[in-house]
1. Which one of LEU166, LEU118 is of a type in the set (A, V, I, L, M, F, W, C), open to solvent by 10 Å² or more (accessible area, probe 1.4 Å) and within 19 Å of the chain's Cα centre (by Cα)?
2. Condition first: of a type in the set (A, V, I, L, M) and buried (at least 16 other Cβ atoms within 10 Å of the Cβ). Now tell me which residues in region 412-437 satisfy that.
3. Being surrounded by 15 or more Cβ atoms within 10 Å (Cβ to Cβ), of a type in the set (Gly, Ala, Ser) and either modelled with pLDDT of 85 or more or touching a strand residue (DSSP E or B) at 6+ places or on another chain (Cβ under 9 Å) (or both) narrows it down to one residue among ALA444, ALA362; which is it?
4. How many of the residues making up region 476-509 are under 30 Å from GLY428 (Cβ atoms), open to solvent by 10 Å² or more (accessible area, probe 1.4 Å) and not hydrophobic (A, V, I, L, M, F, W, C)?
5. Is it true that ALA89 is without any contact (Cβ under 8 Å) to a residue 40 or more places away in the chain and among the aliphatic types (A, V, I, L, M)?
6. Could you tell me which residue of region 454-475 is farthest from ARG23 (Cα to Cα), considering only residues that are part of a loop (DSSP other than H, G, I, E, B) and open to solvent by 40 Å² or more (accessible area, probe 1.4 Å)?
7. From VAL322, VAL383, grab the single residue that is open to solvent by 60 Å² or more (accessible area, probe 1.4 Å) and in a helix (DSSP H, G or I).
8. Looking for whichever is at pLDDT below 90 and under 20 Å from CYS551 (Cβ atoms) here; the options are VAL139, VAL86, VAL165, VAL108. Which one fits?
Amino acid sequence: MTDAPSSLPLKPKRSRPVAEGTRVFSAIALLVAGFCALPMLAVLLAALSGGTETISHLMATVLPRYAGTTLVLVALVSAGTFALGVGAAWLVTMTRFPGVRFFEIALVLPLAFPAYVLAYAYTHVLDHPGIVQASLRAVTGWGPRDYWFPEIRSLGGAAVMLILVLYPYVYLLARAAFLQQSATTFLAARALGASAWSAFFKISLPLARPAIAGGVLLAVMETIADFGTVAYFGVQTFATGIYTSWFSLADRAGAAQLALCLLSFALLLAMLERAQRGRAQYHDPSRRQQPMEPAQLRGLRAWLAMALCGLPVLFGAVLPVVILAAMGAGSEQDLLSPRYLGFIRNSLVLAGTAAVLTVLAAVSVGFFRRLRGNRLSNAAAYVARLGYAVPGGVIAVGLLVPFAAFDNALDAMMRARFDISTGLLITGSIWLLVFAYMVRFLAAALGAYEGGQAMVPENMDAAARSLGHTPGGTLRRVHLPILAPSLLTVLLIVFVDVMKELPATLIMRPFNYDTLAVQAYRLASDERLEGAAVPSLVIVAIGLLPVILICRQVGRQRRG
């Protein structure tokens, strides 16, 4: 009885700052979620305002071609990434052959390359004037029409470029799933007379299916978002159609309606990926975690395994670097010139600002979900994740439409009342582009933050509150010190993703504000491939940083 009065005055002093801190995180998280939803809502409204005449014209002219090409490209990339990713993952986890530890890590390296960089490199050597066909004609004496050679600038060529850089998504997830599987069910199938191939297809592959499907869906989402590769190869997909409608034809309604079609497909993929991720915890129903004993390969089988694991690394990482270095050595581009230093500065400023803003937004949304855990916080986190499934061109159109209308209305009002022109205050600045990057890559940052946050027990939050800490103090003194490695990793990953991003940058960048990716695309569009190799090499060099971190994690996972 004597303790109760002394504890009563402490409650208002503690609950008030706690409630205020919760409201701050709630406001920030809802603001971030609203900004992530804005492009999708704007595309929907702009598409509906275009009327039926525009969509009827699109359906009668380009829409069937865009849809068919996009679907064929998705099918080819899905099959290719599945075959390469699953096959390589099975070989490095379930077999032993010379160089397996090297290939286990090296198979991740193509993840550092944008697909359009590989397109520039292989076009330089495989196109008609390239060294391969020129050497073939010199050796055989054939003329240009005397032989058949696969066309690199084609739908198949674009699919190969995308497969080479996207299969690591499937490889990493499939490898993790195979490592988590117990040998119990596999050995039981072998004991019942099943061959190794039969046991793989009937036991191991179905158990890893959720993880593999998640990797393939990630590759598909990157495929429909790709612009640089398909635009350079002249492949007409939804991504190129949006850019053409917006810039070349100045058809805003047509661009919005094409963006809505692509957005619908992307959101469908996002729902499928979420469903697969939700079931990914069921890799193996067996509770007896008997590790799988790798099979030792010898002779011809060992050589075949080395070839199957080495070819993706060779064509996806080694050869592109060699080709780009040879191209760049003979170009007129000077990385130390003031012009190129400006490109590098613009790229670093955009990537650094966007990475910091994206990580801060992810921390706010993730911590708000930790504080509340109700439907509102879960809905905010779900909306924030959708941006990864939305291609950069769709985000660009969805942000430019409402903010351009706002800028025009503000300029008209200021002219009418004060005879002052405000110009494009928002759409002409880099901040709208930075927010587009945040929407595009927030899902990756949020996933990394929530994955690390799961390691912080909730009783640590309760202990911090009992010591009088506000939610902000708990985040600053408890969560962030524990999650610092994860946040630094995702900061670097977002930084590199922004460096490689092309469609949103092309559409939304301020006038005369070019980046390395834009410069590479511009030079390649002018068929100055030697010059395009220089900024491409810089992008690849920066892209290797997070891949090295992933490779270290792969090595630790095997040792664990």
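1. Details: LEU118 fails: open to solvent by 10 Å² or more (accessible area, probe 1.4 Å).
Just a single option satisfies the conditions, and that option is LEU166.
2. Listed by number, the residues that qualify are LEU424, ILE426, ILE430, LEU432, LEU433, VAL434, ALA436.
3. Numbers: ALA444 fails: either modelled with pLDDT of 85 or more or touching a strand residue (DSSP E or B) at 6+ places or on another chain (Cβ under 9 Å) (or both).
Just one listed residue meets the conditions, ALA362.
4. Residues in region 476-509 being under 30 Å from GLY428 (Cβ atoms), open to solvent by 10 Å² or more (accessible area, probe 1.4 Å) and not hydrophobic (A, V, I, L, M, F, W, C): 5 in total.
5. Numbers: without any contact (Cβ under 8 Å) to a residue 40 or more places away in the chain: no; among the aliphatic types (A, V, I, L, M): yes.
For ALA89, the condition - without any contact (Cβ under 8 Å) to a residue 40 or more places away in the chain and among the aliphatic types (A, V, I, L, M) - is not met.
6. Start the filter on region 454-475 by keeping residues that are part of a loop (DSSP other than H, G, I, E, B), which leaves 454-457, 467-470.
Still in the running and open to solvent by 40 Å² or more (accessible area, probe 1.4 Å): 454-455, 457, 467-470.
Values: ALA454: 23, MET455: 25, PRO457: 23, LEU467: 20, GLY468: 17, HIS469: 15, THR470: 11 Å.
Among those residues, the one meeting the criterion is MET455.
7. On the way: VAL383 fails: open to solvent by 60 Å² or more (accessible area, probe 1.4 Å).
Selected residue: VAL322, the only one of VAL322, VAL383 that is open to solvent by 60 Å² or more (accessible area, probe 1.4 Å) and in a helix (DSSP H, G or I).
8. Numbers: VAL139 fails: under 20 Å from CYS551 (Cβ atoms); VAL86 fails: at pLDDT below 90; VAL165 fails: at pLDDT below 90.
On inspection, the qualifying residue turns out to be VAL108.
The values are calculated or read from the model by the stated rules, or taken from the named source; none is laboratory data. The structure presented is a predicted model; accordingly, all values stated were derived computationally and were not measured. Cβ: placed from backbone, ideal geometry, glycine included. Neighbour counts: every protein chain shown. The protein model used for the area step is the full one, side chains on, heavy atoms only, and it has no ligands, DNA or RNA in it. Shrake-Rupley method; radii C 1.70, N 1.55, O 1.52, S 1.80 Å.
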